[in-house]
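Okay, structure first, notes after.
The values are calculated or read from the model by the stated rules, or taken from the named source; none is laboratory data. The shown structure was predicted, so the numbers you read here are calculated from the model rather than taken from an experiment. For neighbour counting, all protein chains shown are included, and Cβ atoms are generated from backbone atoms with ideal geometry for every residue, glycine included. Side chains are part of the model used for accessible areas, which takes the heavy atoms of the whole protein and leaves out ligands, DNA and RNA. Shrake-Rupley method; radii C 1.70, N 1.55, O 1.52, S 1.80 Å.
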2 protein chains.
Amino acid sequence: MRIGALEAGGTKMVLGIFDEEGHLLEDTKLPTRTPAQTMPEIIAYFQEKGIDRLGIGTFGPVNLREDSPEYGNITATPKLDWRNYPLLSTLREALGVPCAIDTDVNAAALAECRLGAARGCGNAVYVTVGTGIGAGICVGGKPVHGLMHPEVGHMLLKPNPMDPLPQGICPYHESCLEGLASGPAIARRAGTSGENLPDEDPVFTLAAGYLAQMCVNLIVTVSPERIVIGGGVLEREFLLDLIRRETVRLLGGYVQVPEITARIDSYIVLPELYPISGLIGAWLLGRDIS
Amino acid sequence: MRIGALEAGGTKMVLGIFDEEGHLLEDTKLPTRTPAQTMPEIIAYFQEKGIDRLGIGTFGPVNLREDSPEYGNITATPKLDWRNYPLLSTLREALGVPCAIDTDVNAAALAECRLGAARGCGNAVYVTVGTGIGAGICVGGKPVHGLMHPEVGHMLLKPNPMDPLPQGICPYHESCLEGLASGPAIARRAGTSGENLPDEDPVFTLAAGYLAQMCVNLIVTVSPERIVIGGGVLEREFLLDLIRRETVRLLGGYVQVPEITARIDSYIVLPELYPISGLIGAWLLGRDIS
């Protein structure tokens, strides 16, 4: 069986062909333009390669309520061309194969949980920190959906009194995680991209502090067995240690489990499947269609 | 089949005998003293009544990892007599019947989710606001455990600039939910118990604002289909409307689902099984032992 995998991102589409065992046989990338331009290219690729199933991990927000007539549609995205676009049904009809869909971060969470940095954990969170901040949550080995799907990026946090930009840069919320700790938030404070800054720059301490607050709030809410943090901002790997130390400090001894108090280095970790966690997750979604 | 239900609280133990259909045949209450004093009373009650199974919803923190040798033990509670007490194994051995255990708030969440204010919802959160703040979360119809279990009470929040007590009263954390919005936090600001204050008192606006921040953070994290808020503080029912309005305001139009934007009154709701949500949940835990 040949399984197609699509990681639909806001700037690029990643397409892969896997076998049933998870070998990536071939893959390609396309820029994300309008649906009228990009969808025919995606459909042509999968038609040409011949697939038996397709798994999709997509940017969101996306309707994931299986009982909804809009199931699998992109919803209120700022990418206006894609707003309300019926991604799942278009691919299903054009390709004539069983298709499954989830968010890109839920797909990545699934991949890290089954095969990557959180394997063996039924409950785990995968967070990506880049232009935006998003997260997927697995409980009982499966991605959480609920009313919509986890976002995490817009969690409200306590501003650091030393922060010159305590309200953040989110157009929707004052002092939300994404507005305080995303790549653009770091760049706004520094006046330049984070890539140009030394490790010692105080903007990194601020960002790590907010990501640690996020870890605390995830720990006291969904009690994950592991937190995986990836994305462009975490390519500065020294951040991970700042986040770990600050998480333990903020917990203040309240949570007494050795996985956190004694082994934080194996509790908050980098992804193992980066940068293709999402593509592998899409493969898993396709493979597991029942 | 007769099913015993125990809601083990920090100040009182509630014991009930149910039939298989959920009729509460009889119940009683005992003060929570030391295990040496209280446990024999609990055991004698259930022995005398004759039960085939027992479900337990307990105060925490409690070890809920089934693969742990300490499964079902109370852990780092400030109630020193109960610290590390093997609640589950003691009852199982003394009564010789199958026993199941979860936290009191997870039990209440299960009851509200199956039979109460969140029935029909696979994913829902139950929060109790009283002396402390705790929450149980159901995903896919089952309580979430993970590394420990949800707490929610110690979620870090953004202090309101108008708050005379922005750091809160929690001994572990600055500006956590419980330290800012629990009954004692309200009383500390007012200099008297909340019961003595008129609805217009500004401490209620502050508390409702923090509970709304909690709702936002729950919505963007676990995306529940409904949030049920109960407990002693919510006996002042006018608070619920303050929480609803502030939740919508804080979301800032980011989450575009009609369940929240158009129907917040049926999204954030009071419990329907209060004050015995926890006892009914303990019955469900006992009934569903496989």
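Observations, loosely collected:
- Taking N as the residue count of the stretch B:91-223, its C-alpha radius of gyration divided by 2.2 N^0.38 Å amounts to 1.20.
- Computed lengthening from B:GLN256 to B:TYR71, 0.36 nm per intervening residue step minus Cα-Cα distance: 62.5 nm
- For the stretch A:67-94, backbone nitrogen atoms closer than 16 Å to the point 7 Å from B:ARG263 Cα along Cα-to-C-beta are found at A:67-70.
- Mean projected area (nm²) of the alpha-carbon convex hull when the stretch A:184-290 is viewed from all directions: 8.3 nm²
- Principal axis box of the stretch B:38-101, alpha-carbon based, largest edge first, Å: 32, 25, 16
- In the elastic network of chain B, a GNM with C-alpha springs shorter than 10 Å, the most mobile of B:VAL127, B:VAL220, B:VAL152 is B:VAL220.
- For the stretch B:271-286, the Karplus equation 6.51 cos²θ - 1.76 cosθ + 1.60, evaluated at θ = phi - 60°, returns couplings of x, 9, 9, 4, x, 10, 3, x, 5, 5, x, 5, 4, 4, 4, x Hz by residue, with Gly and Pro reported as x.
- Average Cα contact separation per residue, chain A, under 8 Å, 6 or more apart, as relative contact order %: 21 percent
- Loop-resident sites, the stretch B:129-205, for GluC sites (Glu not before Pro), counting at most 16 other Cβ within 10 Å (DSSP): B:GLU174, B:GLU200
- MRE, 222 nm, helices only [DSSP H, n ≥ 4, -39500 (n - 2.57), over chain A, to nearest 500]: -10500 deg cm²/dmol
- Cα-based Rg of the stretch B:100-162 normalised by 2.2 N^0.38 Å, two decimals: 1.21
- Residue of A:LEU242, A:LEU147, A:LEU15 that the Gaussian network model of chain A assigns the largest fluctuation, springs spanning Cα pairs under 10 Å: A:LEU147
- Whole-Å distance, taken between Cα centres, linking the stretch B:122-181 and the stretch A:209-254: 18 Å
- Other-copy label distances relative to A:SER290, 7 angstrom Cα-Cβ extension, nm: 1.2
- Distances between copies at A:GLY50, taken between label points 7 Å from Cα along the C-beta direction, are 7.0 nm in increasing order.
- Surface composition of the stretch A:209-279: carbon plus sulfur atoms hold 50% of the accessible area, using a 1.4 angstrom probe and ignoring ligands, DNA and RNA.
- Entry note, the stretch A:27-84: relative contact order of 24 percent, from Cα contacts under 8 Å with a spacing of 6+ residues.
- Proximity of backbone amide H atoms, modeled 1.01 Å from N, is registered between A:GLY168 and A:SER175 at under 5 Å, excluding neighbours fewer than 5 places apart on the same chain.
- Solvent-accessible area per residue in chain A equals 39 Å², computed with a 1.4 angstrom probe and all protein chains kept.
- Sequence-separation-based contact order of the stretch B:208-290, relative, with Cα cut under 8 Å and 6+ spacing, percent: 37 percent
- Sorted largest first, extent of chain B alpha carbons per principal axis (Å): 55, 39, 35
- For the protein assembly as shown, the alpha carbon positions stretch 73, 53, 46 Å along the principal axes, listed from largest to smallest.
- Cut-off under 5 Å, modelled amide H: who pairs with A:ARG226 long-range: A:VAL125
- Efficiency of FRET from Cβ geometry, A:ARG245 and B:ASP288, R₀ 41 Å, rounded to 0.05: 0.45
- Over the Cα atoms of the stretch B:26-177, the radius of gyration divided by the Kirkwood radius equals 1.01; this is the Rg/Rh ratio.
- Summed over both chains, the accessible area lost when A and B associate is about 3700 Å², using a 1.4 Å probe.
- Probe 1.4 Å - accessible area at B:LEU239, Å² to nearest ten: 0 Å²
- Phi angles across the stretch A:143-156 convert, under the Karplus curve 6.51 cos²θ - 1.76 cosθ + 1.60 with θ = phi - 60°, into 3J(HN,Hα) values of x, 7, 10, x, 4, 10, 6, x, 10, 6, x, 9, 4, 7 Hz, Gly and Pro given as x.
- Pairs of Cα atoms in the stretch B:1-90 fall into 5 Å distance bins, from 0 up to the last occupied one, in shares of 3, 14, 25, 24, 18, 12, 4, 0 percent.
- Here A:LYS49 is the anchor, and the lysines within straight C-alpha reach of less than 24 Å, apart from those fewer than 8 places off in the same chain, are A:LYS12, A:LYS29.
- Other protein chain C-beta atoms within 10 Å of residue C-beta, averaged over A:218-229: 6.
- Carbon/sulfur fraction of accessible area - the stretch B:75-130, other protein chains in place, 1.4 Å, %: 51 percent
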